[in-house]
Amino acid sequence: MFDSRKKVIALAAVVCVALTSFTSCLSSKEQSSNGGSSDNSNTTAADSAQQTTTPDVEIDQIKNEDGNVVVTPFQSGSLEEFAATGMPAGNDDLSAEDPTSAQPATEVVEVTEANGEKVTDAQGQAVTEIVTKPTDASSEYVSKMEKRYCLWVDISPDPDTTTEKNGVQITQDGYAFNGQIIKVTFKLKDNIPEKDYAVRFTPDFSTLRAQSIKPQVIQGNIRVGGDIAPQDVSNETNCVAYGDNVSAKAGDTVDYYINLKNNTGLAAMLVWVYYDSNAMDVVSISAAGDYAKIAKGTQTGTN
């Protein structure tokens, strides 16, 4: 039978955000539970993992008959809501504004009369002057990046006895769903410049074996004004997570998808989605595609 202790560790890995550094997260949780002391020889990794699942703000969870957390249904929310759980939110900072030019662009032009004739000086040379170039709205635009989290854990299946759930295959590594996995609905603001708006995401995945999965990541864009080619992942042979390329107009409501290809089994994910809040608002975030069949209990944080 599958080692249930590894399942607890897999859960802790994702709840502690950075799968590669979850040991330090467990250590910090253990330390805080003992009044700052790191001397606790009776606390096991599994005990610490359980401690991480009881933050100050409760996360929606499902426990088995033994009281162990086995499912964290798909849920999402803001950075502030995630921070309120007491879990670290990562070190990446995409909130800085984009740089803008400190001085307006200028150019030298020849002076003309009202009738269009060139003005000349006493020597017959054309008179010139320095003028400010017409402003491109997109060149003055300043972005503001904000982020939302999407969290899901399901370590309930035993791959030795169960091979599918709701039509999704279960392997030794977990649920083998592919295609669309997360739908983010944005409301684009009116009168924003016609340009590409990047929607970035950072995925942390884990398997039932408590192995961290780092897929290739291909970011997408929302193009306001003009067409944009769809993502082409037809030649990808490894696990790849990719965002959509979407064409839209200012003021539109847009469904933006994060997708997965060549997934052979997952049991947990933490995905941070970054977007330009000066250009768009998040209307909703939900599970999508075949993944939605096993990601029960969707919750969405406030805007």
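Tell me which residues, restricted to the stretch 243-283, are among the aromatic types (F, W, Y) and under 16 Å from D204 (Cα atoms).
Scanning the stretch 243-283 gives W272, Y274.
Tell me which residues, restricted to the stretch 222-247, are open to solvent by 10 Å² or more (accessible area, probe 1.4 Å), within 26 Å of Y149 (Cβ to Cβ) and not in a loop (DSSP other than H, G, I, E, B).
R223, Y242, N245, V246
Looking at D290 and the list (1) modelled with pLDDT of 95 or more; (2) among the charged types (D, E, K, R); (3) under 21 Å from T72 (Cα atoms); (4) surrounded by fewer than 17 Cβ atoms within 10 Å (Cβ to Cβ), which single condition is not satisfied?
Checking D290 against (1) modelled with pLDDT of 95 or more; (2) among the charged types (D, E, K, R); (3) under 21 Å from T72 (Cα atoms); (4) surrounded by fewer than 17 Cβ atoms within 10 Å (Cβ to Cβ), the one that fails is (4).
For the stretch 152-165, which residues satisfy the criterion of being under 30 Å from E81 (Cα atoms) and in a strand (DSSP E or B)?
The answer is W152, V153, D154.
Which numbered condition in (1) modelled with pLDDT under 95; (2) out of contact with any Pro (no Cβ under 8 Å at 6 or more places or on another chain); (3) among the aromatic types (F, W, Y) is the only one that F177 fails?
(1)
I need the full set of residues from the stretch 225-238 which are in contact with a strand residue (DSSP E or B) (Cβ under 6 Å, 6 or more places away or on another chain) and farther than 22 Å from V271 by Cβ, in order please.
Across the stretch 225-238, the qualifying residues are D227, I228.
In this structure, is Y149 in contact with an Asp or Glu (Cβ under 7 Å, 6 or more places away or on another chain), crowded, with 20+ Cβ neighbours inside 10 Å and not in a loop (DSSP other than H, G, I, E, B)? First the steps, then the outcome.
Details: in contact with an Asp or Glu (Cβ under 7 Å, 6 or more places away or on another chain): no; crowded, with 20+ Cβ neighbours inside 10 Å: yes; not in a loop (DSSP other than H, G, I, E, B): yes.
No.
Against the definition (more than 38 Å from the chain's Cα centre (by Cα) and either modelled with pLDDT of 75 or more or surrounded by 10 or more Cβ atoms within 10 Å (Cβ to Cβ) (or both)), how does G116 come out, yes or no?
yes
In this structure, is Y256 open to solvent by less than 20 Å² (accessible area, probe 1.4 Å), assigned to a strand (DSSP E or B) and either at pLDDT 95 or above or in contact with a strand residue (DSSP E or B) (Cβ under 6 Å, 6 or more places away or on another chain) (or both)? Walk me through how you get there before you give the answer.
Numbers: open to solvent by less than 20 Å² (accessible area, probe 1.4 Å): yes; assigned to a strand (DSSP E or B): yes; either at pLDDT 95 or above or in contact with a strand residue (DSSP E or B) (Cβ under 6 Å, 6 or more places away or on another chain) (or both): yes.
So Y256 fits the description; yes.
When the residues of the stretch 166-192 are narrowed to those that are more than 22 Å from P203 (Cβ to Cβ), part of a loop (DSSP other than H, G, I, E, B) and of a type in the set (D, E, K, R), which ends up most open to solvent (accessible area, probe 1.4 Å)?
D190
Any residue in the stretch 203-216 that is in a strand (DSSP E or B), over 19 Å from L270 (Cβ atoms) and either open to solvent by less than 40 Å² (accessible area, probe 1.4 Å) or acidic (D, E) (or both)?
no
The values are calculated or read from the model by the stated rules, or taken from the named source; none is laboratory data. Here the structure is a predicted model, which is why all the values come from computation and not from measurement. Every residue, glycine as well, gets a Cβ built from its backbone with ideal geometry; the counts of neighbours run over all protein chains shown. Accessible surface is based on the protein model in full, side chains and every heavy atom, while ligands, DNA and RNA are left aside. Shrake-Rupley method; radii C 1.70, N 1.55, O 1.52, S 1.80 Å.
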